[in-house]
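Worksheet for the structure shown next.
The values are calculated or read from the model by the stated rules, or taken from the named source; none is laboratory data. Note that the structure is a prediction, hence the values are computed from the model and not measured. Backbone-built Cβ (ideal geometry, glycine too); neighbour counts: all protein chains shown.
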């Protein structure tokens, strides 16, 4: 991908009654880390938001919707948490690089609405460009090559056709390799500024602000020509101090909140 290559954007109009919208990403939920799972469950139960947008990597991995039919599976537990929360507010999911195989069965059972990446949200008379952000990290050339292959229908059909146990084992191996790279001090690539500006300038209704995850570098970046991008926090409720920030959007603007301020 080059900075001039801009994907087609979906569009979503906020419901008239929405007064508060929350954005979060990169929770990396998995069965071996229950502290973050419990924080997420608590957040969904108590947030005052009318709509919650989960912008990818909600799950550390997703190997197929058939995991929901495993008795007592962690995936089924997550689905139940979302189904309960969906009775109280609108929930949206945009796929990340870890959970892009989330399918229609999960969305239907959880009551969550799936979103394309990127999507323009029209809220409070302004437009907001939403993305996971991985497609904008152009300096990570090996990942971009993998992404182009893994997002193809052929690759996904071949992967999902394997027995569930085989898929789980493959993902465990990938996770072990990833953790080894992280422990070696290898840095994550950041969003390419030119690409982010190109997406904003080309999106429908010309939003001025990009909201994304993936980089684990929560910050506000002022770009050229009045454009802005906000990077979301990753979540690790077991860390000291805990990481579980959200961005809350109201008619007054965006505010970053820690767990104490949810």
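Just a few scattered comments:
- Residue count for the stretch 99-122, restricted to those that are out of contact with any helix residue (DSSP H, G or I) (no Cβ under 9 Å at 6 or more places or on another chain) and buried (at least 19 other Cβ atoms within 10 Å of the Cβ): 5
- Residue check, residue 60 surrounded by 15 or more Cβ atoms within 10 Å (Cβ to Cβ), in contact with a helix residue (DSSP H, G or I) (Cβ under 9 Å, 6 or more places away or on another chain), within 30 Å of residue 141 (Cα to Cα) and modelled with pLDDT of 95 or more: yes
- In this structure, residue 116 does not qualify as assigned to a helix (DSSP H, G or I), touching a residue at least 60 places away in the same chain (Cβ under 8 Å) and within 29 Å of residue 247 (Cβ to Cβ).
- Under the condition of being surrounded by fewer than 17 Cβ atoms within 10 Å (Cβ to Cβ) and assigned to a helix (DSSP H, G or I), the residues counted in the stretch 63-73 number 2.
- From the list 31, 38, 80, 49, the one residue that fits, being touching a residue at least 40 places away in the same chain (Cβ under 8 Å) and part of a helix (DSSP H, G or I), is 38.
- Among (1) assigned to a strand (DSSP E or B); (2) touching a helix residue (DSSP H, G or I) at 6+ places or on another chain (Cβ under 9 Å); (3) under 20 Å from residue 102 (Cβ atoms), the one test that residue 255 misses: (3)
- Neighbours by Cβ (under 6 Å, 6+ apart or cross-chain): first from the stretch 222-250, buried (at least 22 other Cβ atoms within 10 Å of the Cβ); second modelled with pLDDT under 95 and assigned to a helix (DSSP H, G or I): 244/259
- Any chance residue 133 is farther than 27 Å from residue 252 by Cβ, surrounded by 15 or more Cβ atoms within 10 Å (Cβ to Cβ) and in contact with a strand residue (DSSP E or B) (Cβ under 9 Å, 6 or more places away or on another chain): no
- Residue-level check: of (1) surrounded by fewer than 19 Cβ atoms within 10 Å (Cβ to Cβ); (2) under 18 Å from the mean Cα position of the chain (by Cα), residue 76 misses just (2).
- Test: residue in the stretch 161-184 that is in a strand (DSSP E or B) and closer than 30 Å to residue 38 by Cβ: no
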